[in-house]
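Supplied in structure tokens, the structure appears directly below.
The values are calculated or read from the model by the stated rules, or taken from the named source; none is laboratory data. These numbers come from a predicted model, not from an experiment. With ideal geometry, Cβ positions are generated from the backbone for all residues, glycine too; neighbour counts draw on all protein chains shown.
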Number of protein chains: 2
Amino acid sequence: MPQVLKRHYGKLKATSLTDLGGGGVADLISEMARRARQILRATKRIELSSDTGKSYFSFRGEEQSRPVNVALYVNNDREFARLLGLFGSGFTGATTDEIVRATYSIAFSVFAAHDVNQIGRKTSATFFEILIGHLVSRTIGVTPRTKVTIPESGAYLPTDFVFDPGKHSRKLHLPIKTSTRERAVQAWVHQLVLERIFGADEYLGVLVVATETKRNSKTGNVIEICVPGQFQMFQSRVTKMSRIYYLDPPAAYLALSSSHPQVDVRPFGEALADIRQLLSAR
Amino acid sequence: MPQVLKRHYGKLKATSLTDLGGGGVADLISEMARRARQILRATKRIELSSDTGKSYFSFRGEEQSRPVNVALYVNNDREFARLLGLFGSGFTGATTDEIVRATYSIAFSVFAAHDVNQIGRKTSATFFEILIGHLVSRTIGVTPRTKVTIPESGAYLPTDFVFDPGKHSRKLHLPIKTSTRERAVQAWVHQLVLERIFGADEYLGVLVVATETKRNSKTGNVIEICVPGQFQMFQSRVTKMSRIYYLDPPAAYLALSSSHPQVDVRPFGEALADIRQLLSAR
């Protein structure tokens, strides 16, 4: 069964960027989520304690999965099928709540199926990049690139997804991470480098993150690893990220959106409509 | 025997920053190096192959140590004792060659003794910070700090060692790493943050690194992991590090000192005299 999941992942990874926003990718992602949930049926559900004020559980097979948010993960198969349908249609007419529950449930079904079968975190991270990249590409109707040309040398600079809708629009720089930990700085640095190559206000920096939860392996307790002071320092001293979207936003980060220095952290359900608007605003 | 090494390390780590440049720290470091070499006497020396154009070996005890550079590591005990004497006197009158061989041999004796006894890399990294911090503090006669005050909030920003010789001198920002790998970006980002708090040309950024060597665990071959294009990108698009000193400099990085964008990479033997001069230049 994990082999089927791996085979679909292989196909997904081999998809060209031109097709990232297309129906073929949506179908592959949906199929992976369905297979993942079949795998998870054979596992046990373990309730986890947490000080975050949110409820979490793990799937336990050979290994125990990362924590899954009870409120965001859709357990009911019929409801999940309905949400997959919305996902397949590019979330046309979907509410922010449906968008976030669908995206969270797709992502964490696959993450958990990978975890219980000891499939490495890199695979889950790449799957998540493709999932979010697909949604954004489909929403704005633009094919991303993963490199930009450095003017003075003509060399390519490898980047996260960048979307360029054309001359009369801002461009989008879209780093995507399952969690940031000590790697958040990379998003700000890449944003700064783009700004220094192409000028300020040309690329909007939008960071999408799944969660900052971590299970303390001794106590089993679910914690969120947050460094709000560092986010604020990057924002005020390195460069400005326009938005940070979380599937499962930590309260400590949401609070930064009404703090100074401000970091505009929001739930992912709002991301797609926001990005469309951000790109058209001038 | 590893317990004695650990006990000395504990004392070294507990030393206050005020005493970092003092004789007590020099004595503890020397004692650790001597103990480390006693431990290593019970190990086997394994020659390693390498494509770097340099010769390396490993000590093998319970575990195999990281690669050690044959040309830089002083094997002879009388010669090592002589170099320890020079180290103990703050390298007064020492040649650049003596400085680098003494510092390399002290560092890699301790690293290797840690490695063969499965003492974690964090311990070696902290030892190396103290060793280099001691030498610089002693050379310029200034006590470092490891935080700066953020003007607008009064909060402390944790930093690598920063040295402030007083109002009429530049200050020094001194990140120290056993190797950089994907973490080099941190030095540039912290330098940028200091620049944006205190203004340009106030803090000189000087990065000190031991080596970029790594043993391929399958082939046993010693390689150097270098990303010269990234160093140049950080230098041209993030901010300017004044110098990067290596105990065992990779050729690919030394070449950057005569390239454009320039990254001024030099052998560590020159660091102490250079830093003294850099700080006094205005």
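Could you please let me know if B:Gln277 is part of a helix (DSSP H, G or I) and without any contact (Cβ under 8 Å) to a residue 12 or more places away in the chain?
Answer is yes for this residue.
Something else: Exactly one condition in (1) touching a Gly at 6+ places or on another chain (Cβ under 6 Å); (2) within 30 Å of A:Ala252 (Cα to Cα) is not met by A:Ala26; state its number.
Every listed condition holds for A:Ala26 apart from (2).
Within the bounds of the range B:51-67, is there any residue that is of a type in the set (Gly, Ala, Ser) and over 21 Å from the mean Cα position of the chain (by Cα)? Break it down into steps so the answer makes sense when it comes.
Step one: of the range B:51-67, the residues of a type in the set (Gly, Ala, Ser) are B:53, B:55, B:58, B:61, B:65.
If we keep only those that are over 21 Å from the mean Cα position of the chain (by Cα) as well, we get B:53, B:61.
Checked the range B:51-67: at least one residue is of a type in the set (Gly, Ala, Ser) and over 21 Å from the mean Cα position of the chain (by Cα).
Could I ask something else about it? Among the residues in the range A:221-233, are any over 30 Å from A:His114 (Cβ atoms), surrounded by fewer than 20 Cβ atoms within 10 Å (Cβ to Cβ) and either not assigned by TED's automatic domain parsing to the domain that holds A:Thr52 or not hydroxyl-bearing (Ser, Thr, Tyr) (or both)?
Residues of the range A:221-233 that are over 30 Å from A:His114 (Cβ atoms), as a first pass: A:229, A:232-233.
The next check asks that each one be surrounded by fewer than 20 Cβ atoms within 10 Å (Cβ to Cβ); those that pass are A:229, A:232.
Next, only the ones that are either not assigned by TED's automatic domain parsing to the domain that holds A:Thr52 or not hydroxyl-bearing (Ser, Thr, Tyr) (or both) stay: A:229, A:232.
Yes, because at least one residue in the range A:221-233 is over 30 Å from A:His114 (Cβ atoms), surrounded by fewer than 20 Cβ atoms within 10 Å (Cβ to Cβ) and either not assigned by TED's automatic domain parsing to the domain that holds A:Thr52 or not hydroxyl-bearing (Ser, Thr, Tyr) (or both).
May I ask you to verify whether A:Val193 is of a type in the set (A, V, I, L, M), surrounded by 17 or more Cβ atoms within 10 Å (Cβ to Cβ) and within 30 Å of A:Val110 (Cα to Cα)?
Considered against the rule, which asks whether it is of a type in the set (A, V, I, L, M), surrounded by 17 or more Cβ atoms within 10 Å (Cβ to Cβ) and within 30 Å of A:Val110 (Cα to Cα), A:Val193 comes out as no.
When you scan the range B:84-107, how many residues do you find that are surrounded by fewer than 19 Cβ atoms within 10 Å (Cβ to Cβ) and more than 15 Å from B:Ala273 (Cβ to Cβ)?
Summing the residues that are surrounded by fewer than 19 Cβ atoms within 10 Å (Cβ to Cβ) and more than 15 Å from B:Ala273 (Cβ to Cβ) in the range B:84-107 gives 3.
With the condition kept exactly as written, say whether any residue in the range A:169-190 is β-branched (Val, Ile, Thr) and either within 12 Å of another protein chain (Cβ to nearest Cβ) or assigned to a helix (DSSP H, G or I) (or both).
Yes, that holds for at least one residue.
Just checking, which of B:Phe80, B:Phe128 is under 18 Å from B:Val208 (Cα atoms), buried (at least 17 other Cβ atoms within 10 Å of the Cβ) and not assigned by TED's automatic domain parsing to the domain that holds B:Tyr246?
Sole residue among the options that is under 18 Å from B:Val208 (Cα atoms), buried (at least 17 other Cβ atoms within 10 Å of the Cβ) and not assigned by TED's automatic domain parsing to the domain that holds B:Tyr246: B:Phe128.
Can A:Asp160 be described as more than 14 Å from chain B (Cβ to nearest Cβ), outside any loop (DSSP other than H, G, I, E, B) and acidic (Asp, Glu)?
Against the criterion (more than 14 Å from chain B (Cβ to nearest Cβ), outside any loop (DSSP other than H, G, I, E, B) and acidic (Asp, Glu)), A:Asp160 qualifies.
Is it fair to say B:Pro249 is at pLDDT below 95, in a loop (DSSP other than H, G, I, E, B) and either assigned by TED's automatic domain parsing to the domain that holds B:Arg101 or not aromatic (Phe, Trp, Tyr) (or both)?
No; evaluated as a whole, the condition is false for this residue.
Hey, another quick one. Is it true that A:Arg181 is within 26 Å of B:Ser153 (Cα to Cα) and of a type in the set (Lys, Arg)?
Values: within 26 Å of B:Ser153 (Cα to Cα): yes; of a type in the set (Lys, Arg): yes.
Criteria met by A:Arg181.
Related question: Under 9 Å between Cβ atoms, which residue pairs at least 6 apart in sequence (or on different chains) link something in the range B:246-262 that is on the phi > 0 side of the Ramachandran plot with a partner that is part of a helix (DSSP H, G or I) and not basic (Lys, Arg)?
Listed pairs, sorted by first residue: none to list.
What are the residues in the range B:210-239 that are outside any loop (DSSP other than H, G, I, E, B) and either within 27 Å of B:Ser55 (Cα to Cα) or of a type in the set (Ser, Thr, Tyr) (or both), if any?
Once the filter is applied, which keeps residues that are outside any loop (DSSP other than H, G, I, E, B) and either within 27 Å of B:Ser55 (Cα to Cα) or of a type in the set (Ser, Thr, Tyr) (or both), the range B:210-239 yields B:Thr213, B:Lys214, B:Arg215, B:Val222, B:Ile223, B:Glu224, B:Pro228, B:Gly229, B:Gln230, B:Phe231, B:Ser236.
Hey, another quick one. Output the residue which, of all residues in the range A:223-272 that are of a type in the set (Asp, Glu) and in contact with a helix residue (DSSP H, G or I) (Cβ under 6 Å, 6 or more places away or on another chain), is nearest to B:Ala155 (Cα to Cα). Steps first, answer last, please.
So the first thing to find is which residues in the range A:223-272 are of a type in the set (Asp, Glu), and the list is A:224, A:248, A:264, A:270.
Those left that are additionally in contact with a helix residue (DSSP H, G or I) (Cβ under 6 Å, 6 or more places away or on another chain): A:264, A:270.
Details: A:Asp264: 21, A:Glu270: 33 Å.
Here the residue is A:Asp264.
Please work out which residue is farthest from B:Pro144 (Cα to Cα), limiting yourself to the range B:192-239 and to residues that are basic (Lys, Arg) and within 14 Å of chain A (Cβ to nearest Cβ).
Per the criteria, the residue is B:Arg237.
Out of B:Val110, B:Val4, report the one residue that is assigned to a helix (DSSP H, G or I), more than 19 Å from the chain's Cα centre (by Cα) and either in the same structural domain as B:Thr213 (by TED's automatic domain parsing) or among the hydrophobic types (A, V, I, L, M, F, W, C) (or both).
Matching residue, one of B:Val110, B:Val4: B:Val4.
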